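Please read the structure below before turning to the comments.
The values are calculated or read from the model by the stated rules, or taken from the named source; none is laboratory data. What you see is a predicted model, and the numbers here were worked out from it, not measured in a lab. Heads up, the Cβs are rebuilt from the backbone with ideal geometry, glycines too, and the neighbour counts pull from every protein chain shown.
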Amino acid sequence: MFYPLELLKPLRWFAINPGSQFEFYPHLIAFFSFLFAVAIVLFILTKLFKLHPFLKRILKKIPGKLEIFALVGFLLVIFRFENIYYLSMRIWYLMWLVFFVWYLIHISKELFVYPTKRLAYEKHGEGKERDYLPKPKRKR
């Protein structure tokens, strides 16, 4: 049975070998498979459709990061299933979750700024792409 107060004990998070009796295998495998599928779909969509330059720049980074998160998640599940000491600790799942939430917040901030950048881009006109390119280095 699941006891929520057990989550507050540090001994539970830092147990060297928590055992292979893990009820959430199917749920985690399904979630990591979903992340991998989303990464593949986003990769294909960015290649097939012509997107706005800012949106393309944002969406271009996402598939690679999602694949990394999915593969690390699959590795964590395999480590837990095989009872590998230190690598099957529950703290790794917590760290994975913290990094994943941080990445989602970072991407959502970029997506919220996208409409203002697009309006500024359209306001200045399509012919001023040079304003968004890096400046050449000055010679000394």
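Structure data summary
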{"read-out": "Unmet requirement for Leu111, which otherwise passes all of (1) over 30 Å from Glu6 (Cβ atoms); (2) among the hydrophobic types (A, V, I, L, M, F, W, C); (3) at pLDDT 90 or above", "value": "(3)"}
{"read-out": "Count of residues meeting criterion [surrounded by 12 or more Cβ atoms within 10 Å (Cβ to Cβ) and on the phi > 0 side of the Ramachandran plot] in region 76-101", "value": "1"}
{"read-out": "Cross-chain or 6+ apart pairs with Cβ under 7 Å, region 58-76 first and free of Cβ contacts under 8 Å to residues at least 60 places away in the same chain, then not in a helix (DSSP H, G or I) and not basic (Lys, Arg)", "value": "Leu59/Leu51"}
{"read-out": "Scope region 41-60; condition basic (Lys, Arg) and surrounded by fewer than 14 Cβ atoms within 10 Å (Cβ to Cβ); matching residues", "value": "Lys47, Lys50, Lys56"}
{"read-out": "Residues within region 10-40 that are surrounded by fewer than 11 Cβ atoms within 10 Å (Cβ to Cβ) and farther than 17 Å from Ile78 by Cα, tallied", "value": "2"}
{"read-out": "First in region 102-126 and under 16 Å from Ile62 (Cα atoms), second anywhere and among the aromatic types (Phe, Trp, Tyr) and at pLDDT below 85, Cβ under 7 Å, 6 or more apart", "value": "Tyr114/Phe54"}
{"read-out": "Enumeration of residues in region 127-140 that are within 19 Å of Lys56 (Cα to Cα), modelled with pLDDT of 65 or more and either in a helix (DSSP H, G or I) or of a type in the set (D, E, K, R) (or both)", "value": "Tyr132"}
